[in-house]
Amino acid sequence: MTIRIGEQGSDHIIIEPSARTDSAAFSADIFLRCMPWTGHFPAQFQLGELSRFGKDLEHLNQGLKCTAVLRPGEPYLVMTFAAEREGKMHVMGAATHQPGARTRVEFEFTISQSELPHIISALLAADRMD
């Protein structure tokens, strides 16, 4: 299951879960494009981290929260979604190839709120990968 945040031809982040590393974690490939910068790096997530973020985004989409935050235990990728006016979502965050590394990429871009159901569905499915 590929998780795409943003449009393929524009600013976006793609999370491609690849394999379980143990019963509680899985590895993923992260692709980042924020004009004109692009990057790719491997990451790991604990089971439940992406689905919790998906549930947080559900509450944001329903207007129950103003922001949704992905802050995994191993912070390869951290993100915040914030509701804006006129059906837009502001996405901001940082990516690093190694937790604790001083080298990191910070990003910001805007997506349509209409993209959230697809993103939420993909995040909720991430824990069910085999």
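Quick notes on this structure:
- Computed from phi, the 3J(HN,Hα) profile of the range 91-99 under the Karplus parametrisation 6.51, -1.76, 1.60 (θ = phi - 60°) reads 10, 9, x, 8, 10, 9, 7, 8, x Hz, with x in place of Gly and Pro.
- Dipole size of the chain about its Cα centre, with +1 on Lys/Arg Cβ and -1 on Asp/Glu Cβ: approximately 200 debye, rounded to the nearest 20.
- Prolate/oblate/rounded call for the range 22-83, Cα gyration tensor, a/c under 1.5 rounded: oblate
- Per-pair calculated FRET efficiency, R0 = 22 Å: Leu64 and Glu106 via Cβ, rounded to 0.05: 0.20
- Maximal additional length on extending the Lys55-Phe41 stretch stands at 2.5 nm, based on 0.36 nm per residue less the C-alpha distance.
- Cα→Cβ-extended label distance, 7 Å offset, between Glu74 and Asp22, nm: 1.0
- Alpha-carbon Debye profile of the range 3-128, log10 I(q)/I(0) at 0.09, 0.22 Å⁻¹: -0.23, -1.42
Laboratory data are not the source of any read-out in this text; all were calculated from the coordinates shown. Remember, it's a predicted structure, so these values are computed and weren't measured experimentally. Note that we place each Cβ from the backbone using ideal geometry, even for glycine, and neighbour counts take in every protein chain shown.
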